[in-house]
Amino acid sequence: MSKFGDAAFAWMKKHKLTSVSSNELWKGLPPELTAKSPTRKTPRTTCMRDLRKDGRFTVSKGTISLVER
């Protein structure tokens with residue numbers, strides 16, 4: 001699991017969302033995760049990569065959904 005996956009899961013659970021646009025999720029994540037820095041220039045790309053690898057989510061056509069368990 002990644003810090004992006006953990007933050008996205010917590011945010012979606014807090015707001016009782018099962019599906020959300022990537023833009024809405026990005027706005028909801030903490031600024032310390034979303035801010036660019038000299039050593040991290042593409043945090044959004046990293047976030048989406050991590051969510052695709054995380055079994056708690058499906059990512060498709062700009063939508064992030066929680067996987068039913």
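Can you name every residue in the stretch 7-19 that is assigned to a helix (DSSP H, G or I) and surrounded by 14 or more Cβ atoms within 10 Å (Cβ to Cβ)?
Scanning the stretch 7-19 gives Ala7, Ala8, Phe9, Trp11, Met12.
Within the stretch 31-53, track down each residue that is surrounded by fewer than 14 Cβ atoms within 10 Å (Cβ to Cβ) and modelled with pLDDT of 95 or more.
Arg52, Lys53
Among Ser37, Ser2, Ser19, which is the only one that is touching a Ser or Thr at 6+ places or on another chain (Cβ under 6 Å) and either without any contact (Cβ under 8 Å) to a residue 24 or more places away in the chain or under 19 Å from Arg69 (Cβ atoms) (or both)?
Ser19
The values are calculated or read from the model by the stated rules, or taken from the named source; none is laboratory data. Given the structure is predicted, the values throughout are model-derived calculations rather than measurements. Note that we place each Cβ from the backbone using ideal geometry, even for glycine, and neighbour counts take in every protein chain shown.
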